[in-house]
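A.B. asks: Please find one structure pasted underneath; my questions will follow.
The values are calculated or read from the model by the stated rules, or taken from the named source; none is laboratory data. Computed from a predicted structure; not experimentally measured. Please note: Cβ atoms are built from the backbone with ideal geometry, for glycine as well, and neighbour counts cover all protein chains shown. Each accessible area value is taken on the protein alone, full model and side chains, heavy atoms only, with ligands, DNA and RNA left out. Shrake-Rupley method; radii C 1.70, N 1.55, O 1.52, S 1.80 Å.
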Amino acid sequence: MWWDERVSARFRRNLQPTPPYWSVFFSFGLCIAFLGPTLLDLRCQTQRSLSQITWVFFSQQFCLLLGSCLGGVFKRTLAQSLFALFASSLAISLVFAIIPLCHNVVVLAVVMAVAGLAMGCIDTISNMQLVKIYQKDSAIFLQALHFFVGFGALLSPLIADPFLSDTNCILSNSTANTSSNLPHIRKSLVPHHPGNLSHYDLPMKGMVVTRVSYAFWIMALINLPVPIAVFFLLYKERMVPCFPSTSHPLLSADELAMETRPVEKEDLSTTHRPQAAGGHDDLFSCCQSKNFRGASYTYFAVHITGALVLFMTDGIVGEYSGFIYSYAVEEPLSVGHKVAGYLPSLFWGFITLGRLISIPVSYRVKPATMVFINVVGVLITFLLLLIFSYSVVFLFVGTASLGLFLSSTFPSMLAYTEDILQYKGCATTVLVTGAGIGEMVLQLLVGSIIHDQGSYSFLVCGMIFGGLAFTFYAFLLFFHRMYPKPSSDLDDASPDKPAVMEDTGQYQR
């Protein structure tokens, strides 16, 4: 087996909660990728212009970021965390069911805002709880968690595709003139970015002909087992209101470790731990001044540099998937619209494949090494894309390579920074928030730069972002070396150390 008996035993002990945490990330992926390909049919449903309907992208992304910040509020007890995941995954199914009934663009934007909040809560809580459960062994389980995002992101466009309109879904006198633009517009909306669509004029009045409602109802049904699985976990833990409540506050990893240590080691280790490390707070709790007392500058530096690396890498995921189609169809490549439409799918497909491959690899390779390979690979790939910028073949090869290198960056960085901070502090919340901001900001930035400077600037921006990610990672390595180590780490051969790690792997209620 590609993992040892210790990790296998820990997984068996936590077999009950782990699959529900993975499954809610499937809901996250299912919800994040459907909007792009279905947006033209939703435009017909609401009878609004493209510039008006693309505001639903902003409402989803902004509320996703807000939900990521608020997700840590539900971390104090297991019951709060599971109820938040149940409500969020159920809300996503309800959103899919309600979208076909939204004939007003404002109502649709509000519904997508609710979906964004649910996705943000799922993102923060699931990452946080898996880190709490598995701690130093969390890397492999985080890789599996993020595989389900990619799987859901691949599945939802495939479900929607048979129900998308082949011609303009608003029948009017100008339909014949505008239908030829639909393949170009639709592909530029994949996977979840509106692109530059202001120059397309589509009819807004006429008879609406669309079958996309069936796609949303199918996705609602496919997602329904996810909240059921979370509810079943609540039932098994006797946290459903009709049963006596036996939940207790979740302890941080270090607090759990303290309970199993001899008094002498507890006294020694506390002298090396910053007071700020309260353990996986929400973003607003992290910013309270009382949490900063006694913390060294390296404590803050690890949080900031880790978040900046993900700001860049997740930003690259957003801007590359959003604009690779537009870059390919423009000069000098001038790829055909149908062929260029495969590029976003290829990119997301190799992200999903990379996350699947990373599950066994992460057991053998340290998270720090995986992040190093990722950021160097991204930098080299963009450099080669610039060198062979006139080669269509290498554009496809580079897109696949970039997807592989970016696939495991987030879970590996999360495992690495949490390990540095001894599973205390606010690493999960800060990193999730930084990644969300990067994806939203860099998309807008690159879109405006391409509009002003031309399509070639797309690769130049990617090269710059990759270089900045590598630079921030180098700073993170430096601050890791400077970060004070607890006394328990000074003697790796200590007989107490395995016992501590075993105890901290328990599923705490």
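A.B. asks: Enumerate the amide H contacts of Thr77 below 5 Å, restricted to partners 5 or more residues apart or on another chain; note that Pro and chain-start residues carry no placed amide H.
C.D. replies: Leu250
A.B. asks: Let me ask you something else. Applying the Karplus parametrisation 6.51 cos²θ - 1.76 cosθ + 1.60 with θ = phi - 60° to the phi angles of the stretch 395-411, what ³J(HN,Hα) value in whole Hz is obtained for each residue in order, glycine and proline being reported as x?
C.D. replies: Calculated HN-Hα couplings, in order: 4, 5, 4, x, 5, 5, 4, 5, x, 5, 6, 7, 4, 9, 5, 5, x Hz.
A.B. asks: Using a 1.4 Å probe, what is the accessible area per residue for the stretch 295-485, in Å²? Walk me through the numbers before you get to the answer.
C.D. replies: Numbers: 7130 Å² over 191 residues.
For the stretch 295-485, the per-residue accessible area is 37 Å².
A.B. asks: Taking all protein chains as present, what is the carbon and sulfur share of the accessible area of the stretch 295-485, in % to the nearest whole number, probe 1.4 Å?
C.D. replies: 72
A.B. asks: By per-residue mean of other Cβ atoms within 10 Å, what is the highest-first order of 152-162, 399-409?
C.D. replies: 399-409, 152-162
A.B. asks: Let me ask something else. So what is the relative contact order for the stretch 295-485, in percent, with contacts set as C-alpha pairs under 8 Å and at least six apart?
C.D. replies: Details: 239 pairs, mean separation 84.5, N = 191.
So the answer I get is 44 percent.
A.B. asks: Moving on. Quick one: which of 31-37, 133-139 comes out on top by average Cβ neighbours within 10 Å, and what's the full order, highest first?
C.D. replies: Details: 31-37: 25.4, 133-139: 22.4.
Peptide ranking by packing, descending: 31-37, 133-139.
A.B. asks: For Ser408, enumerate residues with amide H under 5 Å from its amide H, sequence gap 5+ or separate chain, H modeled in the peptide plane.
C.D. replies: none
A.B. asks: Each residue of the stretch 33-46 in turn: what ³J(HN,Hα) in whole Hz from Karplus with 6.51, -1.76, 1.60 and θ = phi - 60°, glycine and Pro shown as x?
C.D. replies: 10, 7, 5, x, x, 8, 5, 5, 5, 5, 4, 5, 4, 8
A.B. asks: For a protection proxy built on the mean count of beta-carbon atoms within 10 angstrom, sort 13-23, 113-123, 64-74 highest first, please. Numbers along the way, then the final one.
C.D. replies: Working: 13-23: 18.6, 113-123: 26.4, 64-74: 23.3.
Per-residue Cβ counts within 10 Å, averaged per peptide and sorted highest first, yield 113-123, 64-74, 13-23.
A.B. asks: Could you give me the ³J(HN,Hα) list for the stretch 307-316, computed from phi with Karplus coefficients 6.51, -1.76, 1.60 and θ = phi - 60°, whole Hz, x at Gly and Pro?
C.D. replies: Coupling constants for the stretch 307-316: 5, 5, 4, 6, 4, 6, 5, 5, x, 5 Hz.
A.B. asks: With charges only on Cβ, +1 for K and R and -1 for D and E, what is the dipole size of the stretch 295-485 about its Cα centre, in debye, rounded to 20? Provide the component values of the computation, followed by the final result.
C.D. replies: Values: 7 positive and 8 negative charges, 138 e Å.
Value, rounded to 20: 660 debye.
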